[in-house]
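Have a look at the structure below, then the notes.
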Amino acid sequence: MSQEREVPVSAVPLEEISSWPKELCRRELPSVLPRLLSMYQNSDGWIEHIQILKIIVEMFLPHMNHLTLEQTFFSQVLPKTVKLFDDMMYELTSQARGLSSQNLEIQTTLRNILQTMVQLLGALTGCVQHVCATQESVILENIHSLPSSVLRVIKSTFVHCKNSESVYSGHLHLVSDLLQALFKEAYSLQKQLMELLDMVCMDPLVDENDDILNMVVVIHSLLDICSIISSMDHAFHANTWKFIIKQSLKHQSVIKSQLKHKDIITSLCEDTLFSFHSCLQLAEQLVQPHAQDNADYRLFQKTLKLCRFFANSLLHYTKEFLPFLSDSCCTLHQLYLQIHSKFPPSLYAARISKAQQEEIAGAFLVTLDPLISQLLTFQPFVQVVLDSRLELPCELQFPHCLLLVVIMDKLPSQPEAVQALWCADSQVSGATTRVSLLKGIFSSFEQCSGELSLPVCLQGVRSKGQAEAAVTLYQHVCVHLCAFITSFHPSLFPELDTALLDAVLSANMITSLLAMDAWCFLARYGTAELCAHHVTIVAHLIKSCPGECYQLTNLAILLKRLFFFMAPPHQVEFIQKFSPKEPGNLLLWQYISFQALPADLRRQTAREVSRVCTAQCREWLGSSRTVGELESLNTVLSALLTVCSSAGEALDSGQQTAVMEVGSQLWALLNIKLVTGQPYVQQTLSLLLPLLGFFIQTLDLQLISQVVTLQTSLLKLEPPDHVRLAVLDFVSSVGKLFIPQAMQDKILPSLSSIFASLLADRNWLLEQHTLEAFTQFAEGTNQEEIVPLCLSSEETKNKVVSFLEKTGFVDETADARVERIKQEKGIFWEPFAKVTVEEAKWSSLQPYAKRARHELPVEEEYRAAVQAAAGALGAIESLLQQSVPPDWLLTEMEALHERIDELKRRVV
């Protein structure tokens, strides 16, 4: 032994050192380690590098002081090790494209490099295992070079393995065994590293130190690795995520302000969505008959568990770091929308079986509900969801509506401050505004036209003793909205009133109807005094409307419905407050159904309104009868029509005769020229026709003949749709009438012509009403011979038969209908244009637009222009009778007069 000691340690060859016993390695560590480190730094060959590294790790590392590992070993060796690995990876990638079964030299070179890389990873694994074995807890600063170097090598390895198909250009099989070994070694190395990092302890009392920064770097490096291995090994991917979440929470108190939370949330959401899409694809395959395989189903369940894992991880992370997630709210919102857009009943959903739908909903979608609950109190999330500038693609509009309903369902259990956060409009900064939740629901609901028209069906509310039934989107939103109203905090009632009124005044019919349904529920749920108060408000709004507009129509429908819910004493007060004896109040009585009144009050009020209206008509008939006064006459006729339709039996025979007489006298004043030239006259005609229809049994047959003759001539001139609908009201009632033989030649040809013309119309609304009116006429008439004369073509016959048999006109499969609805939604989903009150007022003064014609003759174009000018002059005449003219009017009229003179000279 003494002779052996005579040889300097520095001269002992590596081969001999590699065979030293443990005790000798421990004793000679101080003298040998510097030499080995120097050799490692100065060595050129990869094989020699690895040989020296293995000797240090396997023989001398166990004897080093664990407190000085960073200074004495890791900081000196690992940077060179990482560079060595990078060099090998570069060489590997550079030569891989030349790999082929014929080129044995490159094949040998590549395999040697891969084997060397495997050994290098093994050496790093030894380093990690040593630290784990010798320390119960780890101060990261004492080994900080080790995690960063190992993670860089692991990431590089996984990237290479992931891209191996393209890197090796179709010759992957020649090196696949070594690539698998490389992947397994990297997998093992990461697993060991995570065990080491799990031992790290950090002082929660220290806000800033290198340990914190090092841990943050480690977590984000593992996050990068997650994105690489997501499609390579699902279990490994999930375990890596589990570790990231665990370490983030373990060291939360010291690293929470340093973590890049947005990156973590974004990656979690992406992986959740990717797993969900994979799950849907597998579920779609299970629908196919040939795919009913136990292996396929097991894979589906495995993927579903992965979905649930990611969702729970997201839930856990969000709960702990919510204050730091302001810039992640948009990502979380989009995740919810994307998931529900691909899941039934969305139009854009995957086609999966009911069984798989229930499994996915029960195992995965349920985790999204508590996620929304966590975000409920977070103001940035409120801002994102209710952003007034939010513009979503077609496929995300329906999920957004569902999300708002889910949020609405959760608010009743929240404090008033949280309800106010969601239910009040707000301006956060500058032009950045958000709408209230209720306005957001109505706006989102409006964009779901495709889902409403199909309609899609959702899970209903389970009732006691009754099975759960599917409901339409309209029913779903309406029921939940009404339930929310019952728990609305009193301090937020102004927000509720504003949202409901805004929605009632919407240009979108279905949105307005939803708001009316909710308002009617509120009237029934609230006190009788509240209902009466709302009726009074709506009545004043109607009286303040400047003219005909869709807002007036919506308010009129709401008034009619609310009036049914008024208590009788309040109805009496309403009649006194808005007495029909005052002409200005007839504007209201044309919209109120007398069926809403108790029998005695109905009879009394109906007779009062009828008396006032017939007197007004006689007064008009005895006056100069200017066109400008037709507007007030039309209001009177409309109120009279309401009385006849909802309380006709309350009128005595004298009043019925009076109504019929004024109607006949007014009709005698009408002619084709007046009707085609004046919008107000067209409205008068549209009111007179159904009014006369009520008295069809007692009308003079000569008058009936005149009416149908005028209608026949009028239809040839293509009048507006509301005139055609009025024509239908009248001719359908003629079916109740027995026409004597002497009058049949005068009436029946006109009737058949009217029905034939309207049955051939392509307007879907007119088509539907015509089919209903024709059916009513055909079922009631005694002149059966006229029925086939109305069916002027085979197409018309088929249309009527399809209507009677309720078979529909278009043979369309369910799938084809969904695709059509999606295409239509893509075109028409833009919100309706908002029409201001001033615009509505101005449009009410304009003549009705004529129906489009092809290649109008010049003479008709002249006639249309003159009629439009006459209509404008009539409007000015009406204004002059109502108010004092402005000072500039005379100057403008003189200019128009000069222009007319100039045109007259050109005509002559």
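The values are calculated or read from the model by the stated rules, or taken from the named source; none is laboratory data. Since this is a predicted model, take the numbers as computed values, not measurements. Cβ sites come from the backbone with ideal geometry, for glycine too, and all protein chains shown count toward neighbours.
Observations on the structure shown:
- Only one of the numbered conditions (1) within 19 Å of residue 517 (Cβ to Cβ); (2) crowded, with 21+ Cβ neighbours inside 10 Å is not met by residue 550, and that is (2).
- Every residue from the range 92-107 that is farther than 25 Å from residue 49 by Cβ and without any contact (Cβ under 8 Å) to a residue 60 or more places away in the chain: 102, 103, 104
- Of the residues making up the range 787-837, those that are within 30 Å of residue 554 (Cβ to Cβ), exposed (fewer than 14 other Cβ atoms within 10 Å of the Cβ) and modelled with pLDDT of 80 or more are 817, 823.
- Taken over the range 339-374, the residue count meeting the criterion of being in a helix (DSSP H, G or I) and not small (Gly, Ala, Ser) is 17.
- Verdict on residue 783 being within 23 Å of residue 691 (Cα to Cα) and surrounded by 12 or more Cβ atoms within 10 Å (Cβ to Cβ): no
- Residue check, residue 735 of a type in the set (Gly, Ala, Ser) and in contact (Cβ under 8 Å) with a residue 40 or more places away in the chain: yes
- Evaluation of residue 219 against (1) of a type outside the set (S, T, N, Q); (2) touching a strand residue (DSSP E or B) at 6+ places or on another chain (Cβ under 8 Å); (3) free of Cβ contacts under 8 Å to residues at least 60 places away in the same chain (one fails), failing number: (2)
- Selection within the range 375-425 - in a loop (DSSP other than H, G, I, E, B) and of a type in the set (Val, Ile, Thr): 377
- Residues that are surrounded by fewer than 19 Cβ atoms within 10 Å (Cβ to Cβ) and touching a His at 6+ places or on another chain (Cβ under 7 Å) within the range 322-336 comprise just one, 324.
- From the list 676, 698, 684, the one residue that fits, being over 28 Å from residue 805 (Cβ atoms), modelled with pLDDT under 90, part of a helix (DSSP H, G or I) and not acidic (Asp, Glu), is 676.
- Among helices (runs of 4 or more DSSP H) entirely within the range 230-298, having at least 2 residues that are under 28 Å from residue 192 (Cβ atoms), at pLDDT below 90 and within 34 Å of the chain's Cα centre (by Cα) singles out no element at all.
- Annotation for the range 557-564: no member residue is over 20 Å from residue 597 (Cα atoms) and not acidic (Asp, Glu).
- The numbered conditions (1) in a helix (DSSP H, G or I); (2) under 49 Å from the mean Cα position of the chain (by Cα); (3) not aliphatic (A, V, I, L, M) are all true for residue 177 except (2).
- Among residues of the range 374-429, those that are crowded, with 22+ Cβ neighbours inside 10 Å and among the acidic types (Asp, Glu), counted: 0
- Of all the residues in the range 491-526, those that are within 22 Å of the chain's Cα centre (by Cα), small (Gly, Ala, Ser) and assigned to a loop (DSSP other than H, G, I, E, B) number 2.
- Failed criterion for residue 89 (all others in (1) in contact (Cβ under 8 Å) with a residue 24 or more places away in the chain; (2) farther than 17 Å from residue 181 by Cβ hold): (2)
- Scanning the range 61-83 for residues that are free of Cβ contacts under 8 Å to residues at least 60 places away in the same chain and surrounded by 21 or more Cβ atoms within 10 Å (Cβ to Cβ), we see that the one that is farthest from the chain's Cα centre (by Cα) is 73.
- Among the residues making up the range 91-149, those that are not β-branched (Val, Ile, Thr) and not in a helix (DSSP H, G or I) are 97, 98, 99, 100, 101, 102, 103, 135, 136, 137, 144.
- For the range 22-31, the criterion of being more than 60 Å from the chain's Cα centre (by Cα), closer than 30 Å to residue 136 by Cβ, at pLDDT below 85 and surrounded by fewer than 13 Cβ atoms within 10 Å (Cβ to Cβ) is met by at least one residue.
- One residue stands out in the range 36-60 among those that are surrounded by fewer than 17 Cβ atoms within 10 Å (Cβ to Cβ) and in contact with a Ser or Thr (Cβ under 9 Å, 6 or more places away or on another chain): the one that is nearest to residue 87 (Cα to Cα), namely 47.
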